[in-house]
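The values are calculated or read from the model by the stated rules, or taken from the named source; none is laboratory data. Here the structure is a predicted model, which means the values were calculated and not measured. We place every Cβ from the backbone using ideal geometry, glycine too, and count neighbours over all the protein chains shown. Just so you know, the surface numbers come from the protein's heavy atoms only, side chains and all, with ligands and any DNA or RNA stripped out. Shrake-Rupley method; radii C 1.70, N 1.55, O 1.52, S 1.80 Å.
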Amino acid sequence: MRIGTNWFKSLALVVGVGVLLAGCGSGGQQTSGSGGASGGSGDKVYVVGTDAAYPPFQMLEADKISGHDIDVMNAIAEAGGFKIEWKNTGWDPLFDGLDKGTVDIGISSITITEKRKEKYDFSDSYFEANQLILVAEDSPVTKLADLKGKKIGVQAATTGEEVVKKAFGDTYEGLKGYDDMPSSVDDFFNGRVDAVIGDNGVLSYYVNKVKDKKFKLIKDDSFEKEFYGMIVKKGNTDAMNKINEGLKKIKENGKLQEIYNQYFDNK
């Protein structure tokens, strides 16, 4: 889960990796989906905002937006019979756009929280996330508590950073924050940190791009699960009903699982 705004200043690190994925994402203003049986030029086109800086969920490939969440939203629109237009808004401007009405739908690995529900309406969940711990293959570490006194790398302003602070204190000297996940993983494999903590999807994506390295990923049951959902401005039942209808269909017909397998099945 992303919390703040300090995201992927070194986006060039991920562009080369991202092209390995056969994503079917759309460009910034390209429309997707279908007007359905009553479709026509007069159909409403829903503007979908995202922050394309969180591979493999959202990323930029040249001038194209792609990734897991983009494929999911495109499939929902197709199944739900409505048209969408993509806009790479960035993180904070995504929420601002929803508030101002310049964005109709937001999808960007947004964790469903009670606080956010006060201001926005969430769809049903389309992804379950949890934190993982990356350590050396021969490490005796089996849970977060075992990392006390160790150097721990995290991506700044994420849940990974929050769980370390919660466990060891806000001023824990062993905590090292990075602008992006590739930098933390690189430092781990170069021995600069003893472990890395991050979202399962993002962390697994990067470590599995590293060849001939011995490591293991540990799931600590003390980590709370998180669920990603799409958001709309509170009260926008028209858009929300269409989203949930399309999401239900791709859950039932296996398309959602197919997209998941495309990005994470080998993890």
Task: Scan of region 224-261 for residues that are more than 20 Å from P55 (Cα to Cα), open to solvent by 40 Å² or more (accessible area, probe 1.4 Å), at pLDDT 95 or above and not in a helix (DSSP H, G or I), ordered by number - done: K233, K234, G235, N236, N253
Task: Cβ-Cβ under 7 Å pairs, at least 6 apart or on other chains, region 64-91 side not assigned by the TED database to the domain that holds G246, far side in a helix (DSSP H, G or I) - done: none
Task: Inter-residue pairs, beta-carbon under 8 Å, first under 21 Å from F189 (Cα atoms) and outside any strand (DSSP E or B) and in region 143-172, second open to solvent by 60 Å² or more (accessible area, probe 1.4 Å) and among the basic types (K, R), 6+ apart - done: K151/K176; K151/R192
TODO: Considering only region 86-99, state which residues are outside any helix (DSSP H, G or I) and at pLDDT 95 or above.
DONE: W86, K87, N88, T89
Task: Condition check for G177: assigned to a strand (DSSP E or B), surrounded by fewer than 23 Cβ atoms within 10 Å (Cβ to Cβ) and not charged (D, E, K, R) - done: yes
- [ ] Could you list all residues from region 112-150 that are under 18 Å from the mean Cα position of the chain (by Cα) and among the acidic types (D, E)?
- [x] D124, E128
Open item on the list: Condition (residue is open to solvent by 40 Å² or more (accessible area, probe 1.4 Å), at pLDDT 95 or above and not assigned by the TED database to the domain that holds S108) applied to region 193-201: is it met by at least one residue?
Closed with: yes
- [ ] Give the residues of region 88-143 that are more than 27 Å from D212 (Cα to Cα), of a type in the set (S, T, N, Q) and loosely packed, with under 15 Cβ neighbours inside 10 Å, sorted by residue number.
- [x] T102, T113
Open item on the list: Kindly evaluate D121 against the criterion of being out of contact with any Ser or Thr (no Cβ under 7 Å at 6 or more places or on another chain) and within 19 Å of V232 (Cα to Cα).
Closed with: yes
Open item on the list: If the requirement is being open to solvent by 50 Å² or more (accessible area, probe 1.4 Å), within 22 Å of F95 (Cα to Cα) and either modelled with pLDDT of 60 or more or hydroxyl-bearing (S, T, Y) (or both), which of these qualifies: K9, K83?
Closed with: K83
